[in-house]
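As structure tokens, the structure follows; a few thoughts come after it.
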Amino acid sequence: MNRVPHIVFLDRATIPDYIQLKPFTFKHTLDVYDKTPENQVAERIQQADIVITNKVKISNESLAQAASLKLIAVSATGTNVVDIKACESKGCVVTNIRNYAMNSVPEHALALILALRRSILPYHASVRAGDWQKSGQFCYFDYPISDLADSTLGIFGSGVLGSSLARLGRALGMKTVFASRKGQAPKNETYRPFNEVLETSDVLSLHLPLTEETRHMISDQEFGRMKSSALLINTARGGLVDEEALVRALKGKKIAGAGFDVASTEPMPNNHPFMELMDYPNFILTPHVAWASKGAIQTLADQLVNNINAFMQGEIRNQVLPE
């Protein structure tokens, strides 16, 4: 790169202000945008050598107008917002962030599990509504409570996050099992068949990327195989679950509860299927914040800058290639 490289950050607001970005170690120019609408992406990256994006989509059409683009640094693990094949054809490297939320996401998943298993939110709401005073005794039993010990935790995705949740589950006395890929035999003794995990797990937790293979991997048929007492936890990607099927499953009492940190469209529109569940005591939805502990975000920000600095020194870290 003979000229001073130009960096464009398309959505800085996806990293909170209290997180500091380390300085780049090379001369550069920098444009920072809090948000970038889809119709402004092509214009903003047209002169860029390096683009940083978290959730702003970069299409083949936008890439075609960015003649100087050499690197797209995704400030997240998921890279489905970038046309990876088009980048490879163009000679543009794509990098992502890895293993930064190995505590934050599993802890959030466990918090959802505990809150649902012990009916913490409905009990709190009932106390706020005055039900304790009306009960006439020291406690009351309006909502079910179950222990995690001796129950089975089925995990879909055996990477860093799934494995970290498994350790937390075992510490609480849970039996943990990893599911094989849907429609495939287990590749070794670490895994159990997909349908077997659906049928035998008391808690099921998703830790997979969203791909064409995993999209709607949980739908009506899968809910039909689960225990009526099972909980479904999703801190990965909204599209892994057929959301209308989840609504049907909870309304039909096919499963006992669900805790989600993600939706197929974010922010969730007012007509999203989950809006029908907002008053259900056995459904918890948080706004895609499982990853967002202060320590995890700072690790992400440091790794983001390190990826870019390394690239400018001729070293490619965390490259994402087409599947």
Look at A67 and say whether it is part of a strand (DSSP E or B) and out of contact with any Asp or Glu (no Cβ under 8 Å at 6 or more places or on another chain). no
If a residue has to be closer than 19 Å to Q298 by Cα, in a helix (DSSP H, G or I) and not charged (D, E, K, R) to count, how many in segment 74-118 make the cut? 4
Would you confirm whether or not segment 89-97 contains a residue that is among the hydrophobic types (A, V, I, L, M, F, W, C), surrounded by fewer than 16 Cβ atoms within 10 Å (Cβ to Cβ), closer than 21 Å to G157 by Cα and touching a residue at least 12 places away in the same chain (Cβ under 8 Å)? no
Any idea which of D302, D279, D261 is among the acidic types (D, E), out of contact with any Lys or Arg (no Cβ under 9 Å at 6 or more places or on another chain), at pLDDT 95 or above and more than 21 Å from M226 (Cα to Cα)? D279
Can you give me the ranges of the strands (runs of 3 or more DSSP E) entirely in segment 129-247 with at least 2 residues that are over 18 Å from A115 (Cα atoms) and either over 23 Å from the mean Cα position of the chain (by Cα) or of a type in the set (G, A, S) (or both)? 175-179
Can you tell me which residues in segment 2-18 are under 15 Å from I72 (Cβ atoms) and modelled with pLDDT under 95? none
Contact list please: Cβ distance under 6 Å, first residue in segment 211-228 and under 26 Å from G78 (Cβ atoms) and modelled with pLDDT of 95 or more, second residue of a type in the set (K, R) and surrounded by 15 or more Cβ atoms within 10 Å (Cβ to Cβ), pairs at least six apart or on different chains. M217/K182; F223/K254
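Quick check: anything in segment 70-87 in contact with a helix residue (DSSP H, G or I) (Cβ under 7 Å, 6 or more places away or on another chain), touching a residue at least 40 places away in the same chain (Cβ under 8 Å) and under 22 Å from P267 (Cβ atoms)?
Looking only at segment 70-87, we keep the residues that are in contact with a helix residue (DSSP H, G or I) (Cβ under 7 Å, 6 or more places away or on another chain), and these are 71-73, 75, 83, 86-87.
When the remaining residues are screened for being touching a residue at least 40 places away in the same chain (Cβ under 8 Å), the result is 71, 73, 75.
In the following step, the residues that additionally are under 22 Å from P267 (Cβ atoms) were identified as 75.
Looking for residues that are in contact with a helix residue (DSSP H, G or I) (Cβ under 7 Å, 6 or more places away or on another chain), touching a residue at least 40 places away in the same chain (Cβ under 8 Å) and under 22 Å from P267 (Cβ atoms), one finds at least one in segment 70-87, hence yes.
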Please verify whether segment 58-67 includes one or more residues that are surrounded by 14 or more Cβ atoms within 10 Å (Cβ to Cβ), in contact with a Leu (Cβ under 8 Å, 6 or more places away or on another chain), within 15 Å of I84 (Cα to Cα) and among the polar types (S, T, N, Q). no
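The values are calculated or read from the model by the stated rules, or taken from the named source; none is laboratory data. None of the values given here were measured: they were computed from a predicted structure. No Cβ is skipped: glycine too gets one built from the backbone with ideal geometry, and neighbour counts run over all protein chains shown.
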